[in-house]
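What follows draws every value from the coordinates through simple rules; no lab data is involved. Every value quoted in this text rests on a predicted model; they were computed, and no experiment measured them. Note: ideal-geometry Cβ built from the backbone for every residue, glycine included; neighbour counts use all protein chains shown.
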Amino acid sequence: MQALQTTAQQLVAEGKGILAADESFATIAKRFKSIALDATEKSRASYREMLFSTAGIEDYVSGVILFDETIRQKGASGKKLVDLLLSKGIVPGIKVDTGAKPLALCPKEKVTEGLDGLRERLQEYYQLGARFAKWRAVITVADSTLPSATCINTNAHALARYAALCQEQNIVPIVEPEVLMDGEHDIERGAAVTTQVLQATFTQLHQQRVVLAGTLLKPNMVIAAKDCPQQQDTTTVASRTVACLRHCVPAPLSGIVFLSGGQSEQAATAHLNAMNSGEALPWRLSFSYGRALQHSALQAWGGKSKNKAKAQRIFLHRCRMNSLATRGEYRTELESGEKA
Ligand code: 13P
C-alpha cells in the first residue's frame with residue numbers, strides 16, 4: 001500500500017495536476033473534426049506528441065492519462081510516448097474502462113463497462129509503465145426522475161470493483177463518477193445528485209475494502225447545467241462544491257482532481273482557484289482536465305506542424321494557469337495574450 005500512497009501523493013504534489021489525454025477513438029475524432037483533421041493512428045500520435053513534448057509542462061503536470069493505443073505508441077522521433085513522459089518525471093496513467101453502455105431496464109441511463117479481464121489488462125498496463133488508472137461513470141440528470149437509484153448504485157459498485165482490482169495490482173485508481181452538465185437542471189439539483197452519487201460511491205469503496213489513502217477522486221463541480229437560465233458566479237460554484245465534498249468525502253482520501261466537463265478553459269481554472277483560496281481542506285484540490293487544458297492548444301495547432309510552437313506555448317500557459325489555481329494564485333489578468 002505504501003507504493004500506492006506515494007504515487008497518489010505524487011499526482012497531487014503541490015502546484016501540479018493531471019492532463020487527461022485518454023480520449024477514445026470516437027471522442028478524439030470528434031475533437032479533430034473541429035480542426036477538419038482526420039483521426040488516424042499517425043495524427044493522434046503527432047497531436048499527443050506535440051502536447052507531451054512541450055518544454056516545461058513537468059513543472060505543472062504530474063501525470064497524464066493515456067488511451068490504450070497511446071501507451072503502446074511511438075512519436076515521430078521514434079521514441080515511445082510513455083518514455084517521453086517518464087523522461088520528464090511525469091507519471092503515465094491509463095483509461096481502463098471500455099465506455100458507458102445503455103443500462104438494461106433503465107431508459108436513457110448508462111453503466112460503464114470494462115470489468116471483464118480487467119486484472120490481466122492491469123497487469124499488462126503496469127508492465128507498459130502505467131502507475132495509475134481511470135474509470136469514468138456517467139450520471140445523467142433529467143426531469144425529476146433521473147438519475148435512478150439503480151443507475152447510481154450500479155455505477156458505484158462497478159467503480160469500487162475497478163478500484164479494488166487496481167490496488168491489488170499496485171495501480172492507483174482514479175474514481176470518476178461524473179454527474180453530467182447536460183440539460184437544464186439548477187445548481188440545487190446538481191448539488192443533491194452529486195451528494196447522492198458521492199455517498200453511494202464511498203459506501204461501495206468502503207464495502208469493497210479500497211484504501212482511500214491510495215485513491216484519487218475525480219468529481220464534477222457542483223454547478224448548474226449548461227442550459228439552465230440561472231448560472232451562478234465563481235464564488236458560489238466554488239463554495240457549493242467545497243460544501244458538498246466536505247459532506248461526502250472522507251479525510252484520508254489522497255486527493256481530489258476535478259474534471260472540466262464542458263466548462264470553458266477560464267471558468268474551469270477560476271472555479272478551481274476560488275476553491276483553493278478559502279479555508280484549509282483535508283485533501284488537495286487539483287485538476288485532471290481534458291478539454292479545459294487542450295481546447296485552445298488544439299485549435300492553434302490545427303493539425304499542422306508549422307503551428308507546433310504556438311500550440312505548445314498556449315498549452316503551457318493553460319497548464320501554468322491551472323497550477324496557479326491549485327495554489328489560489330490565479331488572476332484573470334494573467335490570461336492576456338495567450339489565446340488561440
Ligand atoms: P474533461 O475535463 O474534458 O471533462 O475530461 C476529463 C476526463 O478525463 C473525462 O473522463
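General remarks:
- Our summary gives the chain a relative contact order of 18 percent, counting only alpha carbon pairs under 8 angstrom and 6 or more residues apart.
- Karplus-based coupling profile of segment 108-122, in residue order and whole Hz: 6, 10, 10, 10, 7, 10, x, 7, 4, x, 5, 4, 5, 5, 5, with θ = phi - 60° in 6.51 cos²θ - 1.76 cosθ + 1.60 and x standing for Gly or Pro.
- Here SER264 and SER24 are evaluated by their C-beta separation; at R0 = 25 Å the FRET efficiency comes out at 0.65.
- Close amide H pairs (under 5 Å, H built 1.01 Å from N) link SER286 with ILE256, VAL257, PHE258, residues at least 5 positions away or on another chain.
- J(HN,Hα) series, segment 264-269, from Karplus relation 6.51 cos²θ - 1.76 cosθ + 1.60, nearest Hz, glycine and proline x: 5, 4, 5, 5, 4, 5
- Fully extending the segment from ASP116 to ASP227 would add 36.3 nm, taking 0.36 nm per residue of separation and subtracting the current Cα-Cα distance.
- Near GLU109, the amide H atoms lying under 5 Å from its own belong to LEU103; only residues 5 or more places off or on other chains count, and H is placed 1.01 Å from N.
- Overall form of the chain: rounded. Here a/c, set by the Cα gyration tensor axes a ≥ b ≥ c, is under 1.5.
- Spin-label pair GLN127/ALA213, simplified geometry with 7 Å Cα→Cβ offset, distance in nm: 3.2
- Remark: segment 53-70, residue by residue, has Karplus-estimated 3J(HN,Hα) of 8, 4, 5, x, 5, 4, 6, 10, 10, 8, x, 10, 8, 9, 9, 3, 4, 5 Hz, where x stands for each Gly or Pro and the curve is 6.51 cos²θ - 1.76 cosθ + 1.60 at θ = phi - 60°.
- Exposed GluC sites (Glu not before Pro) absent: longest stretch of the chain, with sites in DSSP loops and at most 11 other Cβ within 10 Å deemed exposed: 15-278
- Förster radius 45 Å - calculated FRET efficiency between SER34 and GLU279 (Cβ-Cβ, nearest 0.05): 0.70
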